[in-house]
Amino acid sequence: MLEEFIRHKTEILAIIENVETLTKDDMAAVDNRLLTVKEQLIANCFNLVILGQFKRGKTTLINSLIGKEILPSSVVPLTSIVTILRYGEEVSCLISMEDGSEKKIYIEELPDYVTEKGNPKNIRGVRCARIGYPSPFLEKGILLVDTPGVGSTFLHNTETTYEFLDHLDAALFLMSADVPISQVEKELLDTIKGSTQKIFFVLNKIDNLTLKEIEEIAAFNRQVLEEMGFTVQEIWPVSAREALKAKTTNNDLQLSQSGLLTLEDALGSFLSLEKGKIVLNTTISKTKRVISRMLSQITIEKKTMEASGEELEDKINTFHQLVANLKQDREDMKCLLKGESDKLCFKVEEMLKILEEKEIPRVKQCLTDFYGKNPDLNPTVLRDGMQKVIKDEIVKGFDAFRKDAEKVISNTLQETFNRFTRRSNNIITEFKTAAEILFEVSMEQCEFSVELARDTGFYYMVQEYTAPTEEEVKSILRTFLPKSMSSKMVLNEMLERVSSDVGRNCGRIRSDLTARISKTIGHYSKQMKDLGSDLIAQIEQAIQKGQERRRAGSESVRLELELLANKTKTLEEYKENLEKVWNAVNLIDIKPERIKMAMM
């Protein structure tokens, strides 16, 4: 098996290098993605991404696979940054920042960068953490990726996980034995359906369940997964926590009972038998797309040289009109996006108005109840108690609002982006189709997608009262009044403060939420300015080269057409050879006349 993988890998690398050699005199035609594909194949890196809802035990499972508690874990949503473990001769930790810089740290400092506690809302601007560790599990070229849980209290954690899905080679999807599969988990699974050829379904936290209970929850989850269209060969029940304990204490019996050994065997078999196939298939597909792009450019360049002067002028004018229409569509959508932002901010305003109208009387009633239940407290103690009531109740009310608001905003934004992305892709498809008809060429399908800006997170503030001089005066005055009167003064004073406290926090939330909405939609809008730019540049480059040859004279055109014909023939042969390798990798026996259809 290993010999076959090496042979196929060598064949693919040879084809890639041949493509590079063929286009070495025309570097503009070489897509940077080809170099990336080549480097990934040489490195033989493979991303096994651990996915699941928050608090399913993803980090603990990774630690158990490694055999050491190297990644921080907790009973609260903790992981906030994608963390990648790869094999290293010695322990190392490299933090990649969003600004492109990198920072080496000690492994003990890791929680300060990748956890919600140490790096709340990613205020440090961390993109990911890369850890090198001398683990036999990682030695086979696997990259073990820990992701934040989806559906957690922190919206930006969910977004971080979704952003990483494009880098998925295989997934280990972690479910919990103590609860059935949730809607959040189903949504994540729907997203990764087309991203990977292999998903391991793992049922964690089995240590507190009987065998019958484990079988029941596994059967229920299997039914849900199969109804979603997944082929579930097996669901592996494990206790990551018990497995980690067993490995750190060398308890073979406990390790066997944890179920981890069975999962490790399955992963090992996959790495030996299937990993290479997925790596090779991915490389072949990406290389084919690059070659297809080159062939499209060659065809357009040939059409430019072969057309009559009048015909070429008509084609170029038509193309320029298509570009102008696309640019106008982009501007129109940016204006529509601005309107969506304004509507969502108005929705926030309405929600906060309802919150304020509800919270002020509720908190005041809590103060009145506290006053009625504590008639014997002296005014100073009473005031401190009431201040605590205000703080606790505001936190309680705003916590509940936070959950509702984030859900509404997140759902609305997602619906908006889905709608605009569909519209953007329709625009690109129309432009591509028109260009194909104009230049009589088939072009690579392209789609518009946006990596959303990381959310800054939801926050609010309950301020302590700081007016010592005024309070000292009131305290002195209260000492000359009867206790009942001074207590009543305290109650009235605190009731008056409720409105300002609630209003102040509503103001902070209003500013925070509207800023987040504007930032996210603004980021999407900026990305939209590049809608179709790559496709336009591809066509313009080919037209420009064709025109340059025309200006150089008929002999130059003749020589270039011969060169392009040879390039086309050679690139088509490379594509055919890639298809043959694909068939060999996937053990497909196809007759020669059907080879060209194998990967369509």
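The values are calculated or read from the model by the stated rules, or taken from the named source; none is laboratory data. What you see is a predicted model, and the numbers here were worked out from it, not measured in a lab. Heads up, the Cβs are rebuilt from the backbone with ideal geometry, glycines too, and the neighbour counts pull from every protein chain shown.
Yes or no, residue by residue, for (1) assigned by TED's automatic domain parsing to the domain that holds PHE137; (2) touching a residue at least 40 places away in the same chain (Cβ under 8 Å):
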| position | (1), (2) |
| --- | --- |
| ASN221 | yes, yes |
| TRP236 | yes, no |
| ASN250 | yes, no |
| THR262 | yes, no |
| THR287 | no, yes |
| SER296 | no, yes |
| GLU301 | no, yes |
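Looking at the range 221-237 only, could you name the residues that are in a helix (DSSP H, G or I) and either of a type in the set (S, T, N, Q) or more than 28 Å from the chain's Cα centre (by Cα) (or both)? Spell out how you get there, then give the answer.
Just the residues of the range 221-237 that are in a helix (DSSP H, G or I), to begin with: 221-227.
Residues satisfying the conditions are ASN221, GLN223.
For a quick check of your reading: which helices (runs of 4 or more DSSP H) sit entirely within the range 238-294 and have at least 1 residues that are among the acidic types (Asp, Glu), within 24 Å of GLU213 (Cα to Cα) and in contact with an Asp or Glu (Cβ under 6 Å, 6 or more places away or on another chain)?
Values: elements: 240-249, 252-258, 260-273.
Because the criterion is at least 1 residues that are among the acidic types (Asp, Glu), within 24 Å of GLU213 (Cα to Cα) and in contact with an Asp or Glu (Cβ under 6 Å, 6 or more places away or on another chain), the helices (runs of 4 or more DSSP H) in the range 238-294 that meet it are 240-249.
Quick one: what pairs do we get from the range 390-407, first residue more than 12 Å from LYS358 (Cβ to Cβ) and in the same structural domain as VAL498 (by TED's automatic domain parsing), second surrounded by 13 or more Cβ atoms within 10 Å (Cβ to Cβ) and among the aromatic types (Phe, Trp, Tyr), C-beta under 6 Å, 6+ apart or different chains?
ARG402/PHE458; GLU406/PHE458
Considering only the range 301-316, state which residues are among the aliphatic types (A, V, I, L, M) and either modelled with pLDDT under 90 or in a loop (DSSP other than H, G, I, E, B) (or both).
So the first thing to find is which residues in the range 301-316 are among the aliphatic types (A, V, I, L, M), and the list is 305, 307, 312, 316.
Selection gives ALA307 alone.
What helices (runs of 4 or more DSSP H) completely inside the range 1-100 contain at least 2 residues that are modelled with pLDDT of 70 or more, under 30 Å from LEU260 (Cβ atoms) and out of contact with any Lys or Arg (no Cβ under 9 Å at 6 or more places or on another chain)?
On the way: elements: 2-22, 32-43, 58-66.
Those helices (runs of 4 or more DSSP H) span 58-66.
Give the range 116-133 a look and list any residue that's among the β-branched types (Val, Ile, Thr) and assigned to a strand (DSSP E or B), or say none. Steps first, answer last, please.
Of the range 116-133, the ones among the β-branched types (Val, Ile, Thr) are 123, 126, 131.
VAL126, ILE131, listed by residue number.
For the range 367-408, what are the residues that are surrounded by fewer than 18 Cβ atoms within 10 Å (Cβ to Cβ) and assigned to a loop (DSSP other than H, G, I, E, B)?
ASN374, PRO375, ASP376, ASN378
Any idea which residue in the range 537-591 is farthest from the chain's Cα centre (by Cα), counting only those that are under 29 Å from LYS432 (Cβ atoms) and among the β-branched types (Val, Ile, Thr)?
In this case the residue turns out to be VAL557.
Could you please find all residues in the range 219-242 being β-branched (Val, Ile, Thr) and at pLDDT below 90?
Initial filter on the range 219-242 (β-branched (Val, Ile, Thr)): 224, 231-232, 235, 238.
Those that are β-branched (Val, Ile, Thr) and at pLDDT below 90: VAL224, THR231, VAL232.
State yes or no: is GLU216 modelled with pLDDT of 90 or more and not aliphatic (A, V, I, L, M)? Walk me through it before giving the result.
Values: modelled with pLDDT of 90 or more: yes; not aliphatic (A, V, I, L, M): yes.
Here the answer is yes, as GLU216 does meet what is asked.
So LEU267 clears everything in (1) more than 30 Å from PHE137 (Cα to Cα); (2) within 32 Å of the chain's Cα centre (by Cα) except one condition, right? Which one?
Tallying (1) more than 30 Å from PHE137 (Cα to Cα); (2) within 32 Å of the chain's Cα centre (by Cα), LEU267 fails exactly one: (1).
Run down TYR113, TYR162 and say which single residue is in a helix (DSSP H, G or I), modelled with pLDDT of 80 or more and among the hydroxyl-bearing types (Ser, Thr, Tyr).
Numbers: TYR162 fails: modelled with pLDDT of 80 or more.
Within the list TYR113, TYR162, the selection yields TYR113.
Select from the range 504-562 the residues that are closer than 30 Å to ARG402 by Cβ and among the charged types (D, E, K, R) and list them in ascending order.
ARG504, ARG508, ARG510, ASP512, ARG516, LYS519, LYS526
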